[in-house]
Structures are given as C-alpha cells and as structure tokens.
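Worksheet for the structure shown next.
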Amino acid sequence: MKHGRFGGLAIAAAAALTLAACSGGTTSAASSGDTSSSSSGGSADKPLRVVNVINGSLGDQGFFDDAARGMAAIAKTGAETRNIQADAENPAQWRSNLESVSGGDWDLVITGTSQMVDILNETAPKYPDQKYVIYDSVVDQPNVASIVYKQNEGSFLAGVLAGLVTEDPSTFPKANADKTVGLVGGMDIPVINDFVAGFKAGVEAVDPDIQVLVSYVGDFTDSNRGFDQATAMYDQGADVVFQVAGGAGIGVLRAAEQSDKYAIGVDANQNALHKGYILASMLKNVGVSLENAFEQFKKGDLAFGQTTEYGLANNGVGLVFEDNGGIVPDSIQKDIKDYAQKVIDGQIKVPSATS
C-alpha cells in the first residue's frame with residue numbers, strides 16, 4: 001500500500017496532511033453544486049476522468065473538504081476531476097447524481113460515508129462495468145473498492161489528550177477540577193460510535209475516574225445544535241469536548257471559545273478556526289486515501305471487491321497540533337506519541353464499535 005505524504009508534527013505514524021485547496025470553476029452537470037477541475041499537466045493520451053459524488057456540500061471544513069483536497073491532488077496528475085455536490089437532506093438527489101455518472105463516461109466514481117451505502121449497493125449492480133470507490137464505509141460489490149479508517153485509534157489519542165488536559169489545570173488554565181470531558185457526535189450510528197469507543201478508551205487509559213459526556217446532534221449540518229450541546233457540556237464542567245459531527249461540529253468549536261474552554265477538531269486541521277481553544281484535530285486522512293486509490297487504479301492494482309484499512313500503523317489517522325497557538329506542551333505531545341506507538345505495537349488494543 002502506498003503511504004500518504006504528511007506535514008506538521010507526527011504523532012507516531014500518524015500526522016497532519018497539508019494539501020492544496022480544491023480548485024476549479026462551477027459547471028452545470030448533475031447538480032447545481034458541481035465543481036470541476038482539470039490539470040493541464042496530463043499526457044498526450046486521453047486523461048482519466050474521476051468524479052466525486054458528495055452527499056452534501058463542500059465547505060464543512062472537514063470530511064468532505066478533505067476528500068475534495070484529494071480530488072484536487074488527483075487533478076494535478078493530469079486527470080479530469082469533478083466534485084458533484086448535493087442537498088445534505090436529499091437522498092433522492094444523491095441517488096440521481098450517482099446514477100447520472102455511472103454510465104461509463106467516468107473512469108472512476110468516488111463517493112463516501114455510510115449514508116451512501118444502500119444507494120451504492122443498489123446502483124453498482126446496475127452498472128457492472130463502472131468502477132467505484134467508497135470511502136469511510138464498505139460496499140461488498142465486485143466493482144467497488146472500499147476504504148475504511150480506524151477512527152477508534154485516532155479517537156483513542158484524542159481521548160488521551162482530553163484526559164491529560166482535564167487532570168492538569170496548572171498546564172491548561174481553562175480546565176477546572178471536575179475531571180469531566182465530552183464528545184458531540186453527528187448521529188448515533190456505528191461509525192460515530194466507533195469514535196466514541198476509542199475516545200472513552202483513551203480517557204480511561206489516563207484515569208478511569210474521568211467522566212465522559214456523550215450526545216448526538218442528529219445530523220451533520222446543524223452547527224447551532226452542535227454549539228448548544230457543547231455549551232451544555234461545558235456548563236456541566238467539561239474542560240474538553242471532542243467534535244465528531246462534521247459541519248455541525250463547527251458549532252462545537254465555536255462553543256469552546258464562547259465558554260472559554262477547550263475542544264478537539266476532526267477530519268481536517270481545524271486548530272486555527274478558534275486558535276488557542278482547539279487543542280488538536282483528529283485526522284482521518286481521506287484525501288490521501290483517495291490519492292492512493294487513484295494511483296493504484298492507474299496501475300491496475302486497485303482491489304475492487306475488497307476493503308483497505310487506514311489506521312495509525314499506515315498513517316491513516318492521527319492527531320495534529322499545528323496552528324493551535326502552542327497550547328499543548330511538547331511533553332504532552334510526547335506522551336501521546338508514546339500511547340500511539342503502544343497501539344501500533346499491539347500493546348494497547350483499542351475497542352471498536354464496528355467489529
């Protein structure tokens with residue numbers, strides 16, 4: 001497996017990804033939210049065409065944006081790429097967009113998240129010659145390559161960080177003596193509960209007596225509700241809240257600053273959004289995994305009908321502290337790196353909600 005390129009501070013084998021922002025103009029294909037880009041650096045041969053069907057819109061400063069960064073990197077290889085956006089509350093549109101690009105005009109169709117599993121399971125058999133990639137979920141079809149991430153491992157490190165912070169008010173002045181932390185999830189579904197399982201295990205590894213509060217927004221878009229739920233946790237004494245709620249989680253980060261507490265971001269480096277309040281961000285390196293899948297596809301090595309896992313051992317998940325205002329000392333970062341290595345070495349087995 002080709003490993004991704006990472007920048008910033010490494011957390012064991014996991015690190016921050018720095019990629020160029022997605023480029024391209026607006027087009028009018030399967031959705032009014034389409035964005036397209038193509039590189040002029042392709043070969044004289046016809047460039048490969050890759051489309052990313054999003055069950056939502058760009059601008060979440062996290063999961064979907066990281067996938068789009070991967071698409072931008074793919075475009076730089078000479079491929080023609082497109083990101084097709086949609087209404088986040090309109091599954092019928094997601095299905096229509098996916099079917100509209102499945103007729104053979106695109107060499108590789110990419111989509112992601114558990115919300116697309118049923119739709120892809122129904123669409124892929126209708127177009128057996130079309131090749132698909134699904135990220136962050138598994139679809140067992142012979143023309144689909146699945147990519148999943150060990151978010152429980154990355155969340156374990158987030159839990160360790162939260163535990164160390166809540167126990168050390170002298171180092172982290174926004175913390176109190178209550179030894180309480182929280183997690184706000186998007187929806188009560190297996191992939192989010194995998195974050196919860198890893199986070200709780202990380203907190204417990206520091207101190208089993210630390211209280212962990214958990215709530216769910218109910219979707220991945222309502223940032224106001226994310227803000228309210230995080231604020232409620234801070235009011236209950238939480239020093240740190242880990243957001244795993246996509247766009248809704250942006251409200252969690254805002255609540256950290258409003259309550260003068262700490263938060264942990266997810267999916268992309270969100271540390272600078274509220275610098276001095278975001279301790280770190282837990283990355284699922286979606287963009288890198290899509291780059292790797294495309295490189296394998298070009299070589300004819302992409303394993304359709306199979307699943308590739310990305311975890312701490314192969315740079316698929318991790319924590320990034322870059323751009324956080326220097327609020328996490330090097331000694332704490334080293335402690336987390338040591339915990340990560342124990343996971344990689346098998347000394348610590350992180351529980352999972354998906355297996």
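The values are calculated or read from the model by the stated rules, or taken from the named source; none is laboratory data. The structure displayed is predicted, hence computed values, not measured ones. In this analysis, Cβ positions are derived from the backbone assuming ideal geometry, glycine residues included, and neighbour counts consider all displayed protein chains. Calculation scope for accessible area: heavy atoms of the full protein, side chains included, ligands and nucleic acids excluded. Shrake-Rupley method; radii C 1.70, N 1.55, O 1.52, S 1.80 Å.
Okay, here's what the table says:
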item	result
Hull-based mean projected area of the stretch 100-146, where the convex hull spans the alpha carbons, in square nanometres	2.7 nm²
Antiparallel bridges, percent of DSSP beta bridges restricted to the chain (to nearest 5)	25 percent
Exposure rule at most 15 other beta-carbon atoms within 10 Å, DSSP loop trypsin sites (Lys or Arg not before Pro): the chain longest free segment	6-274
Label point at Asn176 placed 7 Å out along Cα→Cβ; residues across the stretch 185-220 whose backbone nitrogen lies under 18 Å	210-214
Net charge of neighbours whose Cβ lies under 13 Å from the Cβ of Ile344, counting Lys and Arg as +1 and Asp and Glu as -1	+1
Extension gain, Asp105 back to Asp168 (0.36 nm per residue minus Cα-Cα distance, nm)	17.0 nm
In degrees, nearest ten, helix 91-100 long axis to first principal axis of the chain (Cα)	40 degrees
5 angstrom amide H check on Asp178, placed H, neighbours 5+ away	none
At R0 = 51 Å, FRET efficiency that the Cβ-Cβ distance of Asp338 and Glu295 yields, to 0.05	0.95
Between 0 and 90°, nearest 10: helix 63-75 axis offset from the chain longest Cα axis	40 degrees
Mean accessible surface per residue for the stretch 109-262, computed with a 1.4 Å probe while every protein chain stays in place, in Å²	34 Å²
Pairwise label distance in nanometres, Ala272 with Asp260, each label 7 Å out on the Cα-Cβ vector	2.7 nm
Radius 13 Å from Cβ of Thr111, net charge of other residues (Lys, Arg +1; Asp, Glu -1)	-1
Length added when fully stretched, Thr307-Asp87, from 0.36 nm per residue minus Cα-Cα	76.4 nm
Contour minus Cα-Cα distance for Leu58 and Asn224 (0.36 nm per residue)	57.9 nm
Overall Cα dimensions of the stretch 277-326, principal axis frame, Å, largest first	44, 17, 14
Residue pairs, from the table Lys200/Lys299; Lys179/Lys284; Lys126/Lys299; Lys179/Lys334; Lys200/Lys334; Lys299/Lys334, whose Cα atoms sit over 30 Å apart	Lys200/Lys299; Lys299/Lys334
J(HN,Hα) series, the stretch 173-185, from Karplus relation 6.51 cos²θ - 1.76 cosθ + 1.60, nearest Hz, glycine and proline x	x, 7, 7, 10, 8, 7, 6, 9, 9, x, 9, 10, x
Debye-sum result for the chain in log10 I(q)/I(0), which assumes one identical scatterer on each alpha carbon, at q = 0.10, 0.11 Å⁻¹	-0.57, -0.69
Surrounding net charge for Ser146, when Lys and Arg each add one and Asp and Glu each subtract one, Cβ distance under 11 Å	-3
